[in-house]
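Below you'll find the structure, written out as structure tokens, and then a few comments.
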Amino acid sequence: MSNYKPDQNVSDEIDLKELFLALWAYKYLIAALSIFVSIAAGIYALRAEKVYTASTIFSLGESESSAGILGSLGGELGGLTALVGVTAGSGSGSGSGSGEALVERVSSRDFILEVAADLNLKNDELFNSYIPNSQTPKWKASLKAVLGLQSATEDLVNMEIWSIVSSYDDLVSIETTDSGSIKISVKHTAPERAAQIANFLASKIILMLGQENEESVDKKLEYLSRTLADALQDLEKAQSALKQYSLENSTQAFESFAVGSVMLDEMRDQRETSAEDLAAIEALKLFLAADKTTLNDYQELRQSFPEIDQSGFRRIMGLSEVTTAWTWPSIGTVLQVEASVRERLASLDREILKLSDDASRYASSAEELAQLTRNLKVSEATYTVLIEQVKAQSLVAGYQPESSKIIALADVPISATEPKKSLIIALGLVLGLFGSAALALVLNSRQGVYFSLSNLLGAVGAGSAHSLGKLKHLTEKDIISVQKKLAKFPINWARQTVLELEVQERARPVFICDLGLNNRGGVLGRIIAATAGNLGRTAAFIDLSRVALKSDQLLGLESENELVRIGEGEGCSEYAYVCQGRNLDMLYSKKFKTIVAGLFEKHDIVIFSVNDDDMETVQASSGVDELNVIASVKPGKTKHTSLQNLLKRSKVGVVLYG
């Protein structure tokens, strides 16, 4: 026995255990469908048309323009030549020969059509799948006629081009490797054709790059020739301009500019000193006018104008040059010195102005000479570089090394790369598993049964639950034979059920409802009734799903209240309702309550058994107020709807599972 306490908090979340058990219940279906799909995938992989892949690899080497227009001299004189618009870079940037740009070019529509013409892809059925004179399927033509549609006129040329280009994109793969090389892979049903196309594409690309390089060299030579002529003309102009300047001017401009600059700096320093002396003289004049001639006034003046202690200032004021010996000069002396200093400032301003004008004139002349000299040097450098570049490009034009070369030619493939049999079979197996699992879940949803015992018992909500175990030795036996068997081999769950029925409300019949779809309600009822008799109780049992036989009247040991006793053991009896064809019809009798009351007068326990199909009739009977139910359930058999219908008007006290 197991005391089961139902879970009152029913969760709406997905129960993984229930899901797994549902799939496990359909394990044979899942296995069969998975094997079938895997076999079908294997047959497809064996019968599918084989596709071969041929690959060739070639390197681009360094870009043909890597030397640049200026070659090795570009790094040394590039700054000078850039002034005249000549590029001195390495040229190793992404040009037409770089891997990414090349892949884009050879994947373009124009290149594909050019290759198609060379390789006659128009007559290759794998590349040109368009059939110009194909007939429209009959069903399609009929449908168009019904809808009033007309087929559009097809452009043969455009349709063929579209077919070739789209097939080329699918069958030809061009990519750059990690080392910067180009790898061309071609798929074809004919291995020789795949190798031919791959090798042809590599050769064509290399030839195309070589021709473009030759054209580039020719353009460079032409450009350099024009540029060299212009540079020579600029050089001659620069030389002529410098010569003319030398005739009209001399080098005195540089010397005068240097001397004038030094004198101008000295004059500015003298003016600054005189301006400071004038400020100190004006302050001294104010102190004398205010009659502030004490020692403290001297300290105040000295703090504001420290230059009064300088020897130069004292000298022009006619005072002692000793710092500690200070005497206040007369106001007349101060005024004379002030006038003298102001006159000196005016003289210095005139000299500074004159020197500034001379310096500007000399600087302009010197700048002109420097500009002419710089232009001459640039023209000479440019001309020298261009002469060297013309020589280098002339050599390049006469000798062109093959920088692009094939690393690995495409060999005729021996084994097919498609279809990938192992992958197809594995995908078929996975598809079969998922598809069959989905089908199993759909079937389970439609069947609507419980697979998890814990969920099933929780849904029943009974106070106690017992496992049935094996009952084969008690099936198809009458109540007397069952009691004799149980006397020798008692069943524990039946004894516990009898004891639990004793404590329930008296004079209420017990209905054993079989929800396991095994029609074993009668067997369970006989076992419980026989066990009650063995335990010293009296029990009456009626199988409501039993069809009454004519022999019941003859075999009946007693007939009363429309019942006939068809089996009697020690303390237990089985009855049949003989007024109609089935025991279930007793529920429609007006005497049903009287019959039940009569049974309780003679017996302690009254048991009715009913199968799932007849439970709705029992619940609809007006003779049954509230059902006291013992439910028999089985995982994988008991349906959600059956249990829900039972629990609408009934309370399950004991649940038996197995």
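The values are calculated or read from the model by the stated rules, or taken from the named source; none is laboratory data. Worth saying up front: this structure is predicted, and the values here are computed from it rather than measured. When we count neighbours, we look across all protein chains shown, and the Cβ atoms used for this are built from the backbone with ideal geometry, even at glycine.
Among the conditions (1) modelled with pLDDT under 85; (2) outside any helix (DSSP H, G or I); (3) of a type in the set (A, V, I, L, M), Leu221 misses just one, which is (2).
Mind checking whether some residue in region 591-610 is buried (at least 17 other Cβ atoms within 10 Å of the Cβ) and within 60 Å of the chain's Cα centre (by Cα)? Looking through region 591-610, at least one residue is buried (at least 17 other Cβ atoms within 10 Å of the Cβ) and within 60 Å of the chain's Cα centre (by Cα).
Residues that are over 15 Å from Pro509 (Cα atoms), out of contact with any Asp or Glu (no Cβ under 6 Å at 6 or more places or on another chain) and in a helix (DSSP H, G or I) within region 525-549 comprise Ile527, Ala530, Thr531, Asn534, listed in sequence order.
In region 173-207, which residue that is β-branched (Val, Ile, Thr) and not in a strand (DSSP E or B) is nearest to Leu126 (Cα to Cα)? Looking at the filtered set, the residue picked out is Thr189. If a residue has to be farther than 21 Å from Leu515 by Cβ, of a type in the set (A, V, I, L, M) and crowded, with 16+ Cβ neighbours inside 10 Å to count, how many in region 481-497 make the cut? The number of residues fulfilling the criteria is 2. When the residues of region 20-30 are filtered to those that are among the hydrophobic types (A, V, I, L, M, F, W, C) and touching a residue at least 40 places away in the same chain (Cβ under 8 Å), the one that is surrounded by the fewest Cβ atoms within 10 Å (Cβ to Cβ) is Trp24.
Does at least one position in region 177-194 carry a residue that is basic (Lys, Arg) and closer than 18 Å to Asp110 by Cα? No, region 177-194 has no match at all.
If you take the residues of region 31-47 that are surrounded by fewer than 19 Cβ atoms within 10 Å (Cβ to Cβ) and small (Gly, Ala, Ser), which of them is farthest from Gln447 (Cα to Cα)? The selected residue is Ala45.
Inspection of region 317-340 finds no residue satisfying the criterion of being in a helix (DSSP H, G or I), of a type in the set (D, E, K, R), touching a residue at least 24 places away in the same chain (Cβ under 8 Å) and within 30 Å of Ala241 (Cβ to Cβ).
For region 638-653, the set of residues classified as part of a helix (DSSP H, G or I) and touching a residue at least 60 places away in the same chain (Cβ under 8 Å) consists of His640, Thr641, Ser642, Leu643, Leu646, Leu647, listed by residue number. Filter region 430-458 for residues that are in contact with a His (Cβ under 8 Å, 6 or more places away or on another chain) and surrounded by 15 or more Cβ atoms within 10 Å (Cβ to Cβ); which is nearest to Gly653 (Cα to Cα)? Top of the filtered list is Tyr450.
Taking the conditions exactly as written (small (Gly, Ala, Ser), more than 30 Å from Gln371 (Cβ to Cβ) and modelled with pLDDT of 80 or more), does Ser163 satisfy them or not? Taking the combined requirement at face value, the residue satisfies it. Under the condition of being part of a loop (DSSP other than H, G, I, E, B) and within 21 Å of Ser642 (Cα to Cα), the residues counted in region 437-486 number 8.
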